[in-house]
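The values are calculated or read from the model by the stated rules, or taken from the named source; none is laboratory data. What you see is a predicted model; the values in this text were computed from it and never measured. With ideal geometry, Cβ positions are generated from the backbone for all residues, glycine too; neighbour counts draw on all protein chains shown.
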Amino acid sequence: MAPPIPPHPLYAPESDEVVWHGRFPLQRVCFRYRKRDGSLSGLLTWEILRRGQGTVILPWDPVTDRIALIEQFRLPALAAGEEPRMTELPAGLVETGEDPAETARRELEEETGLACTRIIPMGIFLLMQGGSDERVHFQLAQVSLEEGAKLSGGLPSENEETIVNVVDAAEAFAMVADNRIRNAPAALALLWLQVNHARLKAEWTQ
């Protein structure tokens with residue numbers, strides 16, 4: 001089942017049905033919306049992928065100024081014509097009723113083997129507002145990334161294999177600038193850290 005779409009003065013639904021009950025429900029909605037002049041739009045039919053809430057975690061060591069990135073196989077990336085082993089950040093879906101920060105801690109440990117000593121929110125973002133309801137909580141996690149550390153992760157029970165790559169923060173920022181980071185969540189999180197880098201480094205290394 002898909003959760004109901006909340007009522008809103010701008011939203012005038014006419015029909016609503018779940019047309020696919022797979023891992024994530026696919027909902028087809030026929031509706032009109034109220035335009036700026038107060039009139040209703042023509043009838044629209046949209047499909048919405050109901051993914052719920054997710055979290056993305058940026059593991060950063062402010063002392064060594066290193067970041068842990070991961071690589072894993074992504075079938076949709078291959079379908080899009082991209083390299084399927086994507087460089088990204090740990091991430092996962094938030095369980096119903098779960099604090100996104102707790103999800104972040106769990107996913108960080110599962111996908112990298114790292115535990116964090118501090119975690120702060122960076123923001124909540126919609127990644128595909130034209131087709132999915134997924135709201136993603138971005139979290140910055142303070143971790144210890146010593147030089148030469150060997151990290152690995154992924155749950156064998158879920159057939160996951162994650163390869164952990166530890167890079168200097170400057171190199172991670174350059175990867176975004178050079179478009180070597182090809183997924184939006186990792187790029188957005190790294191850009192946020194780049195903007196706040198000097199302030200946080202000073203605060204977290206006192």
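Points to keep in mind about this one:
- Residue among Pro84, Pro62, Pro13 that is within 30 Å of Ala170 (Cα to Cα), at pLDDT 95 or above and touching a strand residue (DSSP E or B) at 6+ places or on another chain (Cβ under 6 Å): Pro84
- Cβ pairs under 7 Å, 6+ apart, first in the range 13-34 and closer than 20 Å to Gln53 by Cα, second in a loop (DSSP other than H, G, I, E, B) and of a type in the set (D, E, K, R): Phe24/Arg50; Phe24/Arg51; Pro25/Arg50; Gln27/Arg50
- Sole exception among (1) loosely packed, with under 15 Cβ neighbours inside 10 Å; (2) of a type in the set (A, V, I, L, M, F, W, C); (3) under 16 Å from Glu160 (Cβ atoms) for Leu108, by number: (1)
- Candidates Glu107, Glu71, Glu111, Glu95: the one that is in the same structural domain as Val166 (by TED's automatic domain parsing), among the acidic types (Asp, Glu), over 30 Å from Asp168 (Cα atoms) and in contact with a Ser or Thr (Cβ under 8 Å, 6 or more places away or on another chain) is Glu95.
The rows are residues; the columns are (1) under 27 Å from Ile181 (Cα atoms); (2) surrounded by fewer than 17 Cβ atoms within 10 Å (Cβ to Cβ); (3) of a type outside the set (D, E, K, R); (4) out of contact with any Gly (no Cβ under 8 Å at 6 or more places or on another chain).
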| residue | (1), (2), (3), (4) |
| --- | --- |
| Ser41 | no, yes, yes, yes |
| Gln53 | yes, no, yes, yes |
| Leu75 | yes, yes, yes, yes |
| Glu95 | no, yes, no, yes |
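- Taken over the range 99-127, the criterion of being in a loop (DSSP other than H, G, I, E, B) and over 16 Å from the mean Cα position of the chain (by Cα) is satisfied by Gly113, Leu114, Ala115, Cys116, Thr117.
- Within the range 50-69, being aliphatic (A, V, I, L, M) and over 13 Å from the mean Cα position of the chain (by Cα) holds for Val63, Ile67, Ala68, Leu69.
- Any chance Glu17 is among the acidic types (Asp, Glu) and in contact with an Asp or Glu (Cβ under 8 Å, 6 or more places away or on another chain): no
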